[in-house]
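Structure first, commentary second.
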Amino acid sequence: MTAPILKPDPNAIARAVACLRAGDLVAMPTETVYGLAGDAANPAAVARIYEVKERPVFNPLIAHVASAKAAFAQGDFSERAKSLAAAFWPGPLTFVVNAIAETTVCDLARAGLATLALRVPAHPVARDLLSQVGTPLVAPSANPSGKISPTRADHVAGDLGEKIDLILDGGPCEVGVESTVIDARGEAPIILRPGSISEAAIDAIWPGASAGAGSGAPISPGQLLRHYAPEARLRLDAEAALEGEALLGFGAVDAAENLSPDGSLPEAAANLFAMLRKLDTAHDRIAVSPIPRTGLGLAINDRLERAANRD
Ligand code: TXA
Ligand code: MG
């Protein structure tokens, strides 16, 4: 049976809450990408998420909560980490902290690590769902492991519709790339996965922010070289398409799909995964215009480089 796709009115939210409490899986919109949500405290629900995504069990999940207070009840946040949370939550920033002994996020969701990834999303549907459920929901991107993340309900339906219980359709995701993930355990934050919240924005609140996995930090599997991958071969920084290629454009170029004719990075991020998916269904080779490696362009190039890597 295919999961129903529901407009997130109060009835649909109530049905989603009941599903989640029963251990079922619900795809929910967030401002970054659609997440496949399950009860973080329920190992059977979490096991099903791994199974549905065909995700390596060693790849831990992000626990989503309704408020910073709820996050501080699960993980150990330093004063500086708390001020960073105050600046960016709700929003697309995920903190890796040490789990506290009382955490209700099960071991399987944390892949057996002593650490825990936490985020308070900003999307009104996710917020509604989280506050009504009242307990943490794990929600990896709602796509098969290693494939392109979904930014529309129909992406989720196409990829996982047969395997999950409900899809809430909140329209297209505003940000379009996954949250920035930081290791917030130390004296200064370490960026494990770039996203729309930049290193500079983080550094302005908590000085000393740096990019990279950092010694001793569990490597974020979002850093696996090939991830976010289409079937088609990708050629980056292409001024024009060669014969046999479809151009994914940026700026004033003649292209099969254009991430942003005006050269806007937020618009390009919001379009990235949907346009990659569309071109991937019809073409074997995709050329991509150069995209500036500044601000949100860093996160876009990070996803494109992983999508292009065939090792
Ligand atoms: O925007 C997002 O973050 C989306 C939406 C749905 O919230 N979620 C998402 O989840 O992208 P997922 O599971 O696809 O990516 C989670 C990332 C992975 O790179 C994972 O390795 C990392 O967070 N992560 C989770 N727990 C971690 C931990 N304890 N230590 C280091 N990295 C961790
Ligand atoms: Mg993912």
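The values are calculated or read from the model by the stated rules, or taken from the named source; none is laboratory data. Here the structure is a predicted model, which means the values were calculated and not measured. Here the Cβ positions follow ideal geometry from the backbone for every residue, glycine too, while neighbour counts run over all protein chains shown. To get the accessible areas, we keep the full protein, side chains included, count just its heavy atoms, and leave off ligands, DNA and RNA. Shrake-Rupley method; radii C 1.70, N 1.55, O 1.52, S 1.80 Å.
Tabulated results
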quantity: Percent accessible area from carbon and sulfur atoms, the chain, protein chains only, probe 1.4 Å; calculated: 53 percent
quantity: Relative compactness, the chain, computed as alpha-carbon Rg over 2.2 N^0.38 Å; calculated: 0.96
quantity: Label point at residue 9 placed 7 Å out along Cα→Cβ; residues across the range 167-189 whose backbone nitrogen lies under 18 Å; calculated: 167-171
quantity: Alpha carbon centroid spacing (whole Å) that separates the range 1-45 from the range 245-311; calculated: 30 Å
quantity: Gaussian network model of the chain, springs between alpha carbon atoms under 10 Å - residue of 94, 294, 30 with greatest fluctuation; calculated: 294
quantity: Inter-label distance, nm, simple model (7 Å from Cα along the C-beta direction), residue 305/residue 131; calculated: 4.0 nm
quantity: Max mean-square fluctuation residue, GNM over the chain, Cα-Cα springs under 10 Å, options 196, 131, 289; calculated: 131
quantity: Whole-number accessible area per residue in Å² for the range 233-308, which is evaluated in the context of all protein chains at 1.4 Å; calculated: 45 Å²
quantity: Å² of accessible area per residue within the range 8-129, as computed with a 1.4 Å probe and no ligands counted; calculated: 38 Å²
quantity: The range 233-308: antiparallel DSSP beta bridges as a percent of all, rounded to 5; calculated: 0 percent
